[in-house]
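The values are calculated or read from the model by the stated rules, or taken from the named source; none is laboratory data. If you're wondering where the values come from, they're calculated on a predicted model, not measured in any experiment. Glycine also receives a Cβ, built like all others from the backbone with ideal geometry; neighbour counts cover every protein chain displayed.
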Amino acid sequence: MILYLTIPLGLFILIKTFLEIKKGKASQQWKTIEGIVTHAGIMGLKSSSKGTSSTSQHAYFQYEYNIDGEKILGARIFFGDFLLTMLQIRKPAMQAVLEYTPEQTVTVYYNPSKPAESVLQPGVRQVVYWGYAVGVGILVAGFIYAFIAGAQQADLYAVSLLLS
């Protein structure tokens, strides 16, 4: 049963890491244009469950730029930010948001074949490569668990045969 969870999750993380790194490297060759930061900051979200409340911090960020007279909104500071947030590694994204202020002029790197795909900091941050380690770790943990559970099932079956 655990393999049905760990294999898709591990593969998703591995594929997402690969794609983020690929796009990050490609973004270094993208066209640039001037844009303006419209929103930048960190907000605290309170949640409660079973009488316990907690506050978590989340970055919010948005910028806009114009391509051929069309206003386009972007929210990506660097490639890998979504992956890091998903893995609960929020510090790099939070630090990146704090580098910007609303109304600040920025250089936007955009994909010429998909102008809505953009980023402010092209390239790949080293921390993004940890996605490979996490994906492989989840896969390995799932297979180890399945092996141990399978061995225990085999032992129980052997004992039941001996007792019957």
Criterion violated by Lys46 - all others in (1) outside any loop (DSSP other than H, G, I, E, B); (2) surrounded by 12 or more Cβ atoms within 10 Å (Cβ to Cβ); (3) of a type in the set (Lys, Arg) satisfied: (2)
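In the range 21-34, which residues are of a type outside the set (Val, Ile, Thr), surrounded by 12 or more Cβ atoms within 10 Å (Cβ to Cβ) and under 25 Å from Lys71 (Cα atoms)?
Looking only at the range 21-34, we keep the residues that are of a type outside the set (Val, Ile, Thr), and these are 22-31, 34.
So of that shortlist, the ones also surrounded by 12 or more Cβ atoms within 10 Å (Cβ to Cβ) come out as 22-27, 30-31.
Residues satisfying the conditions are Lys23, Gly24, Ala26, Ser27, Trp30, Lys31.
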For the range 1-20, name all the residues that are crowded, with 17+ Cβ neighbours inside 10 Å and among the β-branched types (Val, Ile, Thr). Thr6, Ile13, Thr17
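Of all the residues that make up the range 59-77, how many are in a strand (DSSP E or B) and either within 16 Å of Thr101 (Cα to Cα) or of a type in the set (A, V, I, L, M) (or both)?
Taking the range 59-77 and keeping what is in a strand (DSSP E or B), we get 59-67, 70-74.
From what is left, the residues that are either within 16 Å of Thr101 (Cα to Cα) or of a type in the set (A, V, I, L, M) (or both) are 59-65, 67, 72-74.
Counting residues in the range 59-77 that are in a strand (DSSP E or B) and either within 16 Å of Thr101 (Cα to Cα) or of a type in the set (A, V, I, L, M) (or both) gives 11.
Inside the range 124-137, can you point out the residues that are closer than 21 Å to Lys91 by Cβ and part of a helix (DSSP H, G or I)?
The first filter runs over the range 124-137 and keeps only residues closer than 21 Å to Lys91 by Cβ, leaving 124-135, 137.
Within the range 124-137, Gln126, Val127, Val128, Tyr129, Trp130, Gly131, Tyr132, Ala133, Val134, Gly135, Gly137 meet the criteria.
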Do we have any residue at all in the range 50-60 that's touching a Gly at 6+ places or on another chain (Cβ under 9 Å) and crowded, with 18+ Cβ neighbours inside 10 Å? yes
Within the range 7-32, residues farther than 30 Å from Ile144 by Cα and not hydroxyl-bearing (Ser, Thr, Tyr) come out as Lys22, Lys23, Gly24, Lys25, Ala26, Gln28, Gln29, Trp30, Lys31
In the range 95-115, residue surrounded by the most Cβ atoms within 10 Å (Cβ to Cβ) [restricted to those that are touching a residue at least 12 places away in the same chain (Cβ under 8 Å) and over 22 Å from the mean Cα position of the chain (by Cα)]: Val106
Return yes or no: is Gly135 surrounded by 15 or more Cβ atoms within 10 Å (Cβ to Cβ), within 15 Å of the chain's Cα centre (by Cα) and at pLDDT 90 or above? yes
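Only one of these is at pLDDT below 95 and either out of contact with any strand residue (DSSP E or B) (no Cβ under 8 Å at 6 or more places or on another chain) or over 25 Å from Gln28 (Cα atoms) (or both): Ala96, Ala158. Name it.
Step by step, each of Ala96, Ala158 is checked, and only Ala158 is at pLDDT below 95 and either out of contact with any strand residue (DSSP E or B) (no Cβ under 8 Å at 6 or more places or on another chain) or over 25 Å from Gln28 (Cα atoms) (or both).
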Among the residues listed as Ser27, Ser56, Ser47, the single one being of a type in the set (Gly, Ala, Ser) and either over 23 Å from Val134 (Cβ atoms) or within 13 Å of the chain's Cα centre (by Cα) (or both): Ser47
